[in-house]
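Engineer: Right, I'll just put the structure down here and ask away after.
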Amino acid sequence: MEDNCIFCKIAKGDIPSSTIYEDENFRAILDLGPASKGHALILPKKHAENLFELPDELAGKAMVLAKKLAKQLQDGLHADGVNVVQNNGQAAGQTVFHFHMHLIPRYNGDTVNVAWTPGTLTEEDKKEILALF
Ligand code: AMP
Ligand code: ZN
């Protein structure tokens, strides 16, 4: 538990939340500022600042849980789709520095903005990136 980490306190139950799921490793809650009806967050109970700090075992379990809860939200709310989003770092839009996954139900014609403008894969970039792996 990190001092002053709001998601540690919520995940451990020290701060009340609208919990939709809980097990020994995770708590899933409704987002207080939902992008859409049913927007939920999966929080590990153990503090990890981001994906890179999250142990592999928990990362795997988080994805399996995301799959299960996203389906329940989509079916239960009659949504037309769902985004599973996870931000790492301020530049990527992370505002709470305790790993979390967003489950955002999507409805045909909604105005939720989880999008980008496609660019161009240049030969220079491609060469540089492929050389990394
Ligand atoms: P991110 O920008 O990926 O770090 O997402 C942080 C998310 O946490 C936002 O969608 C906020 O609306 C949400 N949030 C922040 N504080 C709370 C809270 N106390 N309870 C529920 N959701 C929260
Ligand atoms: Zn934390």
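The values are calculated or read from the model by the stated rules, or taken from the named source; none is laboratory data. Worth saying up front: this structure is predicted, and the values here are computed from it rather than measured. Using ideal geometry, Cβ is built from the backbone for each residue, glycine included, and neighbour counts are taken over all protein chains shown. Remember, those area values only see protein heavy atoms, side chains included, never the ligands or the DNA or RNA. Shrake-Rupley method; radii C 1.70, N 1.55, O 1.52, S 1.80 Å.
Engineer: Being surrounded by fewer than 17 Cβ atoms within 10 Å (Cβ to Cβ) and assigned to a strand (DSSP E or B), is that true of even one residue in the range 38-58?
Structural biologist: The answer is no; no qualifying residue exists.
Engineer: Does the range 75-98 contain at least one residue that is within 18 Å of Lys12 (Cα to Cα), among the aromatic types (Phe, Trp, Tyr) and either assigned to a helix (DSSP H, G or I) or within 16 Å of ligand 1 (Cβ to nearest atom) (or both)?
Structural biologist: Initially, the range 75-98 is screened for residues within 18 Å of Lys12 (Cα to Cα), giving 96-98.
Retained after the next criterion (residues that are among the aromatic types (Phe, Trp, Tyr)): 97.
If we keep only those that are either assigned to a helix (DSSP H, G or I) or within 16 Å of ligand 1 (Cβ to nearest atom) (or both) as well, we get 97.
Yes, because at least one residue in the range 75-98 is within 18 Å of Lys12 (Cα to Cα), among the aromatic types (Phe, Trp, Tyr) and either assigned to a helix (DSSP H, G or I) or within 16 Å of ligand 1 (Cβ to nearest atom) (or both).
Engineer: Here's a follow-up. Where residues in the range 72-100 are within 18 Å of Ala28 (Cα to Cα), within 16 Å of ligand 2 (Cβ to nearest atom) and polar (S, T, N, Q), which of them is most open to solvent (accessible area, probe 1.4 Å)?
Structural biologist: Thr95
Engineer: Could I ask something else about it? Quick check, is Lys61 open to solvent by 40 Å² or more (accessible area, probe 1.4 Å), charged (D, E, K, R) and outside any loop (DSSP other than H, G, I, E, B)?
Structural biologist: Numbers: open to solvent by 40 Å² or more (accessible area, probe 1.4 Å): yes; charged (D, E, K, R): yes; outside any loop (DSSP other than H, G, I, E, B): yes.
Yes, satisfied.
Engineer: Considering only the range 15-22, I want to know if a residue exists there that is part of a helix (DSSP H, G or I), within 10 Å of ligand 1 (Cβ to nearest atom), β-branched (Val, Ile, Thr) and surrounded by fewer than 20 Cβ atoms within 10 Å (Cβ to Cβ).
Structural biologist: no
Engineer: Return the residues of the range 23-33 that are out of contact with any Pro (no Cβ under 9 Å at 6 or more places or on another chain), surrounded by 15 or more Cβ atoms within 10 Å (Cβ to Cβ) and not aliphatic (A, V, I, L, M); say none if nothing qualifies.
Structural biologist: Matches in the range 23-33: Asp31 only.
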